[in-house]
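Just below is one structure, and these are the notes that go with it.
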Amino acid sequence: MGSRQTYEKERPVLWAPVDTMVTIYRFPAVRPAPGEAQAIAAVPYDVVTAEEARAIIKENPDSFLTVSRPDAELPDLPANDDKVYERAKENFNALVSSGRMKKDAKPGMYVYRIRQDGDTFLGLCCCLETEDYRTNKIRRHELTRYDKEEDRTRHIGAVQAHNGPVVLLYRDTDSLFSYIESLIAGGKKPDAEVTTPQGGIHQIFAVTDPKALDELERRFTGSCKSLHCRRPPPGKGGSQSCRPEKSGGGKRRTARSGGSWACSLPRTG
């Protein structure tokens, strides 16, 4: 365990316009094969206790919680034991080797739509530079607990995949939201769909057209002056865990090193 770095002790910065530009880029996702999403999909690792995760896994052994909360399967070991992270790696590799999860052949981006209780949320899943987070181009919501950062850092290092997105807000300039919305217009069928017990519908649409990807990168880089980190909440690892200097040189299943995958949503008001 290393000691905290100076920038980890900085006070969180509230939303403020900044004259900087962020960079987004495409990546090849590892995602459920067709027809597998409903069985594999799971709640975020940090909204359930180990006991709750264990109960979910018992009812549904296919749950991705076997990867994101491996401590639930090893109750007799400390949550930070090396064998716990090794179990996460084994479970993830088993999903891939069985063909139930597959890595996309080419880098892309992904439109993420949630419909629940009459509301619709639309985001863009892409990769961002962790350096933009460290230098505050991506505005920090608040500080995170060091032990939680270390947990996710070790998890990413073991699995060699970042399976918990950072949720960001962006200022909707250059009709960015409208352009993202147009990419799934016309009744386009989602590549994956999951219905939650509460009736929410989560959908993923892969964006693979090179021209559309170029346009997304251009609009974000040229027009999106700031991003605001809204997740993780207090005590969670999130983007701090993805810093290249903390994750074995930044090696992971993304299109390049030093990146973190995120879901960016429009900020209103």
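Scalar couplings 3J(HN,Hα) for the stretch 83-93, obtained by applying the Karplus form with A = 6.51, B = -1.76, C = 1.60 to θ = phi - 60°, are 5, 5, 5, 5, 5, 4, 4, 4, 5, 5, 4 Hz; x denotes Gly and Pro.
Less than 17 Å apart at the alpha-carbon level, and either on another chain or at least 8 residues along: which aspartates and glutamates does that give for K188? Within the straight-line cut-off, K188 pairs with D209. Ranking of R140, R69, R100 by neighbouring Cβ atoms within 10 Å, starting from the fewest: R100, R140, R69. For A192, neighbours were defined as the other residues whose beta-carbon sits under 9 Å from its Cβ, and their charges (Lys and Arg +1, Asp and Glu -1) total -2. Kirkwood's formula applied to the C-alpha pairs of the stretch 31-103 gives a hydrodynamic radius of 12.4 angstrom. Exposure proxy for M101, M21, M109: other Cβ atoms within 10 Å of each Cβ, ordered fewest to most, give M21, M101, M109.
Once backbone amide H atoms are built at 1.01 Å from N, I138 has Y133 as its partners under 5 Å, excluding neighbours fewer than 5 places away on the same chain. What does the C-alpha gyration tensor say about the overall shape of the stretch 119-197? Classify as rounded when a/c is under 1.5, otherwise prolate if a/b is larger than b/c, or oblate. Note, shape of the stretch 119-197 comes out oblate. Backbone amide hydrogens, once placed in the peptide plane, bring Y110 within less than 5 Å of C125, V207, excluding anything fewer than 5 places away on its chain. Under the criterion of Cα pairs below 8 Å and six or more residues apart, the relative contact order for the stretch 31-103 equals 36 percent. For the stretch 211-218, 3J(HN,Hα) computed residue by residue from phi via the Karplus equation (6.51, -1.76, 1.60; θ = phi - 60°) reads 5, 5, 5, 4, 5, 4, 5, 5 Hz, glycine and proline entered as x.
Any read-out appearing in this document is the output of simple, stated calculations on the displayed coordinates, not a laboratory observation. As the structure is a prediction and not an experimental result, all values here were calculated from the model. No Cβ is skipped: glycine too gets one built from the backbone with ideal geometry, and neighbour counts run over all protein chains shown.
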